[in-house]
Amino acid sequence: RWLGDAHPPFCLFLAGDDATGTIPHALFRRQEDLVGYLQLLDRILRTRGIPSAVYSDRSTIFWPLGGPKGETEFGRALRELGIGHVIARSPQAKERVERIGGVLQDRLAVELRLAAARDLADANRVLLEYLPRHNRRFAVEARATGTASRPIPAELDLEGTLSVRHLRVV
């Protein structure tokens, strides 16, 4: 309950950059779902380019039921974009993003109260205003210079790639 007990709960979607300790993007939604992760990825792609790999937990959004033999919609999008996908297999590995989430639960909750955020739109506005300050404060210098991201090719249909596809037989 990011806005307090009198308000409905939100789910915070966030990505962390392991090289710099920054948060490339984050957003609030009513619940955790595929669309939220696709929106998060879309914003990262548009602001930072195509990363070489992403790291996630074994949620069924990322990891198909029954293991790696199948492919989720998120996995399909990563494959089409040429992004490697690393699945966290230990609590220590998953802890990277959990640690960032813990910092945000302390600091962002206060920012939301100070800004008198009352709904999901307010919360997302405050979050986007907060992220640059957070990144300046917690960023570390990357060990290697340069970027591991590629520019988005002009011919790429990003909206089509980051969509949910349903197979139909006619």
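The values are calculated or read from the model by the stated rules, or taken from the named source; none is laboratory data. Keep in mind that what you see is a predicted model, and the values were worked out from it rather than measured. Reconstructed Cβ throughout: ideal geometry from the backbone, glycine too, with neighbour counts over all protein chains shown. SASA here: full protein model, heavy atoms, side chains in, ligands and nucleic acids out. Shrake-Rupley method; radii C 1.70, N 1.55, O 1.52, S 1.80 Å.
Numbers at a glance
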{"read-out": "Rounded to whole Hz, the Karplus (6.51, -1.76, 1.60) HN-Hα couplings of the stretch 54-59, x for glycine and proline", "value": "10, 10, 9, 7, 9, 4"}
{"read-out": "Spin-label model distance (nm) - residue 140 vs residue 96, 7 Å beyond Cα toward Cβ", "value": "1.2"}
{"read-out": "Antiparallel bridge percentage (DSSP; both residues within the chain; nearest 5)", "value": "60"}
{"read-out": "Interchain or long-range residues, amide H under 5 Å from residue 118's placed H", "value": "123"}
{"read-out": "Angstrom value of the Kirkwood radius, inverse mean 1/r, which spans all Cα pairs in the chain", "value": "17.4"}
{"read-out": "All-pairs Cα distance distribution in the stretch 40-90, expressed in whole percent, bin size 5 Å", "value": "5, 20, 31, 26, 12, 5, 1"}
{"read-out": "Per residue value of the accessible surface for the chain (all protein chains in place, 1.4 Å probe), Å²", "value": "62"}
{"read-out": "Helix-only mean residue ellipticity at 222 nm for the chain, each DSSP H run of n ≥ 4 adding -39500 (n - 2.57), per residue, nearest 500", "value": "-13500 deg cm²/dmol"}
{"read-out": "Residues residue 163 and residue 121, FRET efficiency given R0 of 30 Å [Cβ-Cβ distance, rounded to 0.05]", "value": "0.80"}
{"read-out": "Karplus-derived 3J(HN,Hα), 6.51/-1.76/1.60, for each residue of the stretch 129-137, Hz, glycine and proline x", "value": "6, 6, 3, x, 5, 4, 5, 5, 6"}
{"read-out": "Charged-residue dipole, Cβ positions (Lys, Arg, Asp, Glu), the chain about Cα centre, Debye nearest 20", "value": "200"}
{"read-out": "Candidates per GluC sites (Glu not before Pro) in the stretch 99-170, loop by DSSP, up to 16 other Cβ within 10 Å", "value": "141, 155"}
{"read-out": "The chain, accessible surface, carbon-and-sulfur percent (1.4 angstrom probe)", "value": "52"}
{"read-out": "Whole-Hz couplings from phi, Karplus 6.51/-1.76/1.60, listed for the stretch 3-8; x for Gly and Pro", "value": "9, x, 5, 7, 10, x"}
